[in-house]
Amino acid sequence: MLYVSISYSYSPGFDTPESWFKRTAGYEGIFEQLAKNNQVISLKQIDYEGDAMHNGVEYKFVNLNRKKTHFPFKLNRFIKNLKPDVVIVQGLHNPVQLILLHLILPKKTKIIAHHHAEKPMTGLKKYAQKLADRFTDAYLFAAMDMGLDWVRKGNISAYWKIQEVMEVSSNFYPIGRALARKKTGATGSPVFLWVGRLNDNKDPLNVVKAFLKHAKTNTTVHLYMIYHTAELLPAIKELIAKNAGEHNITLVGQVPHDDLQYWFNSADFLISGSHYEGSGTAVCEAMSCGCVPVVTDILSFRMIVDNGKCGVLYEAGNEAALLAALNSLDKLDLKEKRELCLSYFKEKLSFGAIAKRIEEIVKEL
């Protein structure tokens, strides 16, 4: 069976196939697993044109819709000429492009739309999504409830089109704690980790406030914060200084992505404060290393931690709820939680599990 993945967006700043593969390792592993039993072609528009084979997947870098028009006739004809059995459209905010693609593909070709954190459109754009829905055979959402919200709002017509399939996965794996901490220099008992932007949606201020209070009665705890954007960094520094929290919180800053494997294996717990996520890359990567998530009770995280079986959930933005969650951790069987994380990751969140589920969905269409 021939799968074709298409992203209608142009991604500047990548001028070699290798740079793109490195940037999208958390996504492309799904296609690599699909390619073990199928032919898989991935189309992408970057600052490079040409073909490349990578881990069994055929990549075609084309610039046929670089200006991001709503009418990508050349790109859609290119897809048609590949004669795919299944087209996976990346993202739900390209309804016009999807409609035009359907019009030129054979009726037997299945079209699947993969959700990537988009929210339902409103106004006139909503009608475009509703029309595109008539030509979409299935939708992939990280959590079933996220897709059902689109159904309730009328952008998607039927609940049976919604399939729960994780958006991303992780190439990380467990390594010895002593080896990992030798690399990172992390100390503390237990060690906590933050990985993400320092913006309002990620809500690091709520996390720091609760952690500082937790540290007053649990003096050996330590939180390391890794971030690649620093919108709220001045406010965080002020908060730490005001509460004399330098001994319990370290602002690491940006690190190479490959080094995160050592950080996730150094930490006992990952903390997130997100109010909304399409999936949860850092949480997934943490679980692949046996690092237990303490995360907000949002739809995507609820699925990733198996409704709290693999971690701890608390109300987003609620400082008291996070503090209570932190204070409850000494009652956890940490070894058991780690084993649950690793087992659930393998069965539900790994590249192999995601690819297997996509194949099952296609057979049912």
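Checking the a/c ratio against 1.5 first, then a/b against b/c, what shape does the Cα gyration tensor give for segment 110-153? Since a/c reaches 1.5 but b/c is at least a/b, the shape of segment 110-153 is classed as oblate. For the chain, the carbon plus sulfur part of the accessible surface works out to 53%, probe radius 1.4 Å. Please say if segment 1-124 is rounded, prolate or oblate, where rounded means a/c under 1.5 for a ≥ b ≥ c the square roots of the C-alpha gyration tensor eigenvalues, and otherwise the choice is prolate for a/b larger than b/c and oblate otherwise? It is rounded, given that a/c, with a ≥ b ≥ c, falls under 1.5. Which of LYS107/LYS363; LYS22/LYS44; LYS182/LYS209; LYS22/LYS356; LYS83/LYS125 have a Cα-Cα distance over 20 Å? Checking Cα-Cα distances, LYS182/LYS209; LYS22/LYS356; LYS83/LYS125 exceed 20 Å. Modelled label positions at THR219 and GLU238, each set 7 Å beyond Cα in the direction of Cβ, lie 2.9 nm from each other. The residues of segment 175-282 have, on average, 45 Å² of accessible surface per residue, using a 1.4 Å probe with all protein chains present.
Under the rule a/c < 1.5 gives rounded, and otherwise a/b versus b/c splits prolate from oblate, where does segment 167-291 land using the Cα gyration tensor? Taking the square roots of the gyration eigenvalues as a ≥ b ≥ c, segment 167-291 is oblate.
Averaging Cα coordinates gives a centre for segment 34-77 and one for segment 158-218; these two points are 33 Å apart. Out of all Cα-Cα pairs in segment 311-365, roughly what percent, to the nearest whole number, are more than 14 Å apart? Every Cα pair in segment 311-365 considered, those over 14 Å come to 68 percent. I'd like the distance separating the alpha-carbon centroids of segment 285-324 and segment 106-157, in whole Å. Centre-to-centre distance over Cα atoms comes out at 27 Å. In this calculation the C-beta distance from HIS54 to LYS363 is compared with R0 = 22 Å, giving a FRET efficiency of 0.25.
Rolling a 1.4 Å probe across the protein heavy atoms gives segment 1-146 an accessible surface of 48 Å² per residue.
Both radii are taken from the alpha-carbon atoms of segment 185-231; with Rh as the Kirkwood radius, Rg/Rh is 1.00.
Of the peptides 50-56, 201-207, the order by per-residue mean of other Cβ atoms within 10 Å, starting with the highest, comes out as 201-207, 50-56. For segment 88-247, the calculated P(r), taken from all Cα-Cα distances in 10 Å bins from zero up to the bin holding the longest distance, is 9, 26, 21, 19, 17, 8, 1 percent.
In segment 270-365 the Cα-Cα distances spread across 5 Å bins starting at 0 as 2, 14, 24, 22, 18, 10, 5, 3, 2, 0 percent of all pairs.
Beta bridges assigned by DSSP with both partners in the chain are antiparallel in approximately 10 percent of cases.
Can you check how the C-alpha radius of gyration of the chain compares to 2.2 N^0.38 Å, as a plain ratio? Taking N as the residue count of the chain, the ratio is 1.04. Start at zero, step by 5 Å, and the Cα-Cα distances of segment 40-98 spread as 4, 16, 27, 30, 17, 6, 1 percent across the bins. For the chain, leaving out every one of the GluC sites (Glu not before Pro) that falls in a DSSP loop and has at most 12 other Cβ atoms within 10 Å, the longest unbroken run is 50-245. Taking max minus min of the alpha-carbon positions on each principal axis, segment 226-330 gives extents of 36, 34, 28 Å, largest first.
First measure r as the distance between the Cβ atoms of TRP160 and LEU2, then evaluate 1/(1 + (r/R0)^6) with R0 = 25 Å and state the FRET efficiency to the nearest 0.05. Efficiency, rounded to the nearest 0.05: 0.50.
The values are calculated or read from the model by the stated rules, or taken from the named source; none is laboratory data. Just so it is clear, the structure is predicted and the values come from calculations on it, not from any experiment. All Cβ positions, even for glycine, are placed from backbone atoms using ideal geometry, and neighbour counts span all protein chains on display. Surface areas here come from the heavy atoms of the whole protein model, side chains and all, with no ligands, DNA or RNA. Shrake-Rupley method; radii C 1.70, N 1.55, O 1.52, S 1.80 Å.
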